[in-house]
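One structure is given here, and the rest of the page talks about it.
The values are calculated or read from the model by the stated rules, or taken from the named source; none is laboratory data. Treat the numbers as computed from the prediction; the structure is a model and nothing was measured. Positions of Cβ are backbone-derived with ideal geometry, glycine not excepted, and every protein chain shown enters the neighbour counts.
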Amino acid sequence: MDRPLVVVLMGSKADLEHGQKIAEACRGYGLETVLRVGSAHKTPEHVARLLAEYEADPRPKVYITVAGRSNALSGFADGAVDAPVIACPPLSEAFGGADIFSSLRMPSGIAPAVVLEPVNAARLAAKILGLADARVREAVAGSRKRAAEKILEDDASVR
(Lines give C-alpha, C1' and ligand atoms only; values in the text may rest on other atoms or scores of the structure.)
Protein backbone atom coordinates (compact mmCIF):
# COMPACT_ATOMS: atom_id res chain seq x y z
CA MET A 1 0.00 0.00 0.00
CA ASP A 2 1.30 3.46 -0.90
CA ARG A 3 2.13 5.81 1.92
CA PRO A 4 -0.03 8.90 2.40
CA LEU A 5 1.45 12.04 0.87
CA VAL A 6 2.30 15.45 2.30
CA VAL A 7 3.04 18.13 -0.26
CA VAL A 8 5.04 20.96 1.30
CA LEU A 9 4.55 23.93 -1.00
CA MET A 10 6.89 26.83 -0.32
CA GLY A 11 6.44 30.34 -1.66
CA SER A 12 10.15 30.67 -2.38
CA LYS A 13 13.41 28.84 -1.88
CA ALA A 14 14.03 31.16 1.09
CA ASP A 15 11.45 28.99 2.90
CA LEU A 16 13.47 25.79 2.36
CA GLU A 17 14.81 25.43 5.92
CA HIS A 18 11.27 25.77 7.33
CA GLY A 19 9.96 23.29 4.74
CA GLN A 20 12.71 20.79 5.49
CA LYS A 21 11.78 20.81 9.19
CA ILE A 22 8.21 19.94 8.23
CA ALA A 23 9.32 17.21 5.83
CA GLU A 24 11.64 15.62 8.39
CA ALA A 25 8.89 15.53 11.01
CA CYS A 26 6.42 14.08 8.47
CA ARG A 27 8.82 11.28 7.61
CA GLY A 28 8.91 10.39 11.31
CA TYR A 29 5.23 9.49 10.99
CA GLY A 30 5.87 7.37 7.90
CA LEU A 31 4.50 9.94 5.49
CA GLU A 32 5.91 10.43 2.02
CA THR A 33 6.80 14.08 1.64
CA VAL A 34 7.69 16.23 -1.34
CA LEU A 35 9.02 19.78 -1.30
CA ARG A 36 7.96 22.16 -4.08
CA VAL A 37 8.31 25.89 -4.75
CA GLY A 38 5.63 28.08 -6.30
CA SER A 39 4.31 31.55 -5.65
CA ALA A 40 0.63 32.44 -5.76
CA HIS A 41 1.66 35.98 -6.65
CA LYS A 42 4.53 35.41 -9.09
CA THR A 43 3.74 32.01 -10.67
CA PRO A 44 0.02 31.30 -10.21
CA GLU A 45 -0.16 29.09 -13.32
CA HIS A 46 2.77 26.99 -12.05
CA VAL A 47 1.10 26.58 -8.65
CA ALA A 48 -2.19 25.62 -10.29
CA ARG A 49 -0.38 22.95 -12.37
CA LEU A 50 1.41 21.58 -9.29
CA LEU A 51 -1.82 21.34 -7.33
CA ALA A 52 -3.63 19.65 -10.22
CA GLU A 53 -0.77 17.15 -10.52
CA TYR A 54 -0.98 16.17 -6.87
CA GLU A 55 -4.77 16.20 -6.78
CA ALA A 56 -4.69 13.59 -9.57
CA ASP A 57 -2.68 11.29 -7.26
CA PRO A 58 -5.29 9.01 -5.63
CA ARG A 59 -3.43 8.68 -2.34
CA PRO A 60 -4.71 10.45 0.76
CA LYS A 61 -2.82 13.71 1.06
CA VAL A 62 -2.41 16.95 2.96
CA TYR A 63 -0.83 20.13 1.67
CA ILE A 64 1.32 22.24 3.97
CA THR A 65 1.97 25.71 2.63
CA VAL A 66 4.96 27.75 3.74
CA ALA A 67 4.72 31.41 2.83
CA GLY A 68 5.14 34.59 4.77
CA ARG A 69 4.44 38.26 4.17
CA SER A 70 1.22 38.33 2.17
CA ASN A 71 0.37 34.64 2.38
CA ALA A 72 -1.85 34.18 -0.67
CA LEU A 73 -0.39 30.72 -1.21
CA SER A 74 -2.42 29.02 1.52
CA GLY A 75 -5.75 30.44 0.40
CA PHE A 76 -4.92 29.85 -3.26
CA ALA A 77 -4.09 26.21 -2.54
CA ASP A 78 -7.14 25.65 -0.35
CA GLY A 79 -9.42 27.05 -3.03
CA ALA A 80 -7.94 24.73 -5.66
CA VAL A 81 -7.86 21.36 -3.87
CA ASP A 82 -10.19 18.99 -2.03
CA ALA A 83 -7.53 17.76 0.43
CA PRO A 84 -6.81 19.62 3.67
CA VAL A 85 -4.38 22.53 3.62
CA ILE A 86 -2.29 23.58 6.60
CA ALA A 87 -0.63 26.99 6.51
CA CYS A 88 2.69 27.00 8.34
CA PRO A 89 4.12 30.46 7.71
CA PRO A 90 7.65 31.21 8.86
CA LEU A 91 7.53 33.71 11.69
CA SER A 92 8.94 37.11 10.89
CA GLU A 93 9.95 40.11 12.96
CA ALA A 94 9.06 42.36 10.04
CA PHE A 95 5.96 44.46 10.62
CA GLY A 96 6.05 43.45 14.29
CA GLY A 97 4.93 39.96 13.30
CA ALA A 98 1.66 41.35 11.91
CA ASP A 99 2.16 39.54 8.59
CA ILE A 100 0.78 36.45 10.36
CA PHE A 101 -2.68 37.96 9.88
CA SER A 102 -2.45 37.18 6.16
CA SER A 103 -2.52 33.51 7.15
CA LEU A 104 -5.38 33.92 9.59
CA ARG A 105 -7.85 36.03 7.62
CA MET A 106 -9.27 34.13 4.66
CA PRO A 107 -12.27 34.76 2.43
CA SER A 108 -15.47 32.80 2.97
CA GLY A 109 -15.23 29.23 1.73
CA ILE A 110 -11.44 29.14 2.14
CA ALA A 111 -10.32 27.33 5.29
CA PRO A 112 -6.68 26.33 5.65
CA ALA A 113 -5.69 25.46 9.19
CA VAL A 114 -2.86 27.58 10.59
CA VAL A 115 -0.08 25.97 12.64
CA LEU A 116 3.02 28.04 13.36
CA GLU A 117 5.52 25.38 14.40
CA PRO A 118 6.84 23.15 11.59
CA VAL A 119 6.87 19.99 13.74
CA ASN A 120 3.30 20.64 14.87
CA ALA A 121 2.14 21.20 11.28
CA ALA A 122 3.56 17.76 10.45
CA ARG A 123 1.79 16.31 13.49
CA LEU A 124 -1.56 17.74 12.38
CA ALA A 125 -1.01 16.33 8.89
CA ALA A 126 -0.25 12.93 10.43
CA LYS A 127 -3.36 13.06 12.61
CA ILE A 128 -5.50 13.90 9.58
CA LEU A 129 -3.95 11.17 7.42
CA GLY A 130 -4.06 8.74 10.35
CA LEU A 131 -7.85 8.78 10.18
CA ALA A 132 -7.56 6.53 7.12
CA ASP A 133 -4.20 4.84 7.71
CA ALA A 134 -3.60 2.66 10.78
CA ARG A 135 0.20 2.82 10.40
CA VAL A 136 0.18 6.60 10.60
CA ARG A 137 -2.33 6.53 13.46
CA GLU A 138 0.00 4.19 15.39
CA ALA A 139 2.98 6.48 14.72
CA VAL A 140 1.00 9.43 16.12
CA ALA A 141 0.03 7.41 19.20
CA GLY A 142 3.66 6.39 19.71
CA SER A 143 4.76 10.01 19.46
CA ARG A 144 2.16 11.07 22.02
CA LYS A 145 3.25 8.27 24.36
CA ARG A 146 6.94 9.26 24.10
CA ALA A 147 6.08 12.89 24.83
CA ALA A 148 4.11 11.87 27.93
CA GLU A 149 6.93 9.61 29.14
CA LYS A 150 9.39 12.49 28.77
CA ILE A 151 7.23 14.75 30.94
CA LEU A 152 6.97 12.05 33.61
CA GLU A 153 10.74 11.54 33.52
CA ASP A 154 11.28 15.29 33.82
CA ASP A 155 8.88 15.44 36.76
CA ALA A 156 10.72 12.62 38.53
CA SER A 157 14.06 14.33 37.95
CA VAL A 158 13.01 17.55 39.69
CA ARG A 159 11.57 15.98 42.83
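Key figures for this structure:
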{"quantity": "Residue ID - nearest to Gly30 (Cα to Cα), chosen from residues in region 75-101 that are at pLDDT below 90 and in contact with a Pro (Cβ under 8 Å, 6 or more places away or on another chain)", "calculated": "Ile100"}
{"quantity": "Residue among Gly130, Gly109 that alone is at positive phi and either of a type in the set (Gly, Ala, Ser) or surrounded by 15 or more Cβ atoms within 10 Å (Cβ to Cβ) (or both)", "calculated": "Gly109"}
{"quantity": "Matching residues, region 123-142, being in a helix (DSSP H, G or I) and not small (Gly, Ala, Ser)", "calculated": "Arg123, Leu124, Lys127, Ile128, Leu129, Arg135, Val136, Arg137, Glu138, Val140"}
{"quantity": "Which listed residue is surrounded by 14 or more Cβ atoms within 10 Å (Cβ to Cβ), among the β-branched types (Val, Ile, Thr) and under 15 Å from the mean Cα position of the chain (by Cα), from Val119, Val136", "calculated": "Val119"}
{"quantity": "Index of the failed condition, Lys145 passing every other in (1) under 25 Å from Glu17 (Cα atoms); (2) surrounded by fewer than 12 Cβ atoms within 10 Å (Cβ to Cβ); (3) at pLDDT 95 or above", "calculated": "(1)"}
{"quantity": "Test: residue in region 2-11 that is at pLDDT 95 or above and charged (D, E, K, R)", "calculated": "no"}
{"quantity": "Subset of region 2-37 (residues that are in a loop (DSSP other than H, G, I, E, B) and on the phi < 0 side of the Ramachandran plot)", "calculated": "Asp2, Arg3, Pro4, Gly11, Ser12, Tyr29, Leu31"}
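Rundown of residues vs (1) basic (Lys, Arg); (2) surrounded by 20 or more Cβ atoms within 10 Å (Cβ to Cβ); (3) touching a residue at least 60 places away in the same chain (Cβ under 8 Å), yes/no style:
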site: Val7; (1), (2), (3): no, yes, no
site: Glu17; (1), (2), (3): no, no, no
site: Ile22; (1), (2), (3): no, yes, yes
site: His41; (1), (2), (3): no, no, no
site: Glu45; (1), (2), (3): no, no, no
site: Pro58; (1), (2), (3): no, no, no
site: Arg69; (1), (2), (3): yes, no, no
site: Gly75; (1), (2), (3): no, yes, no
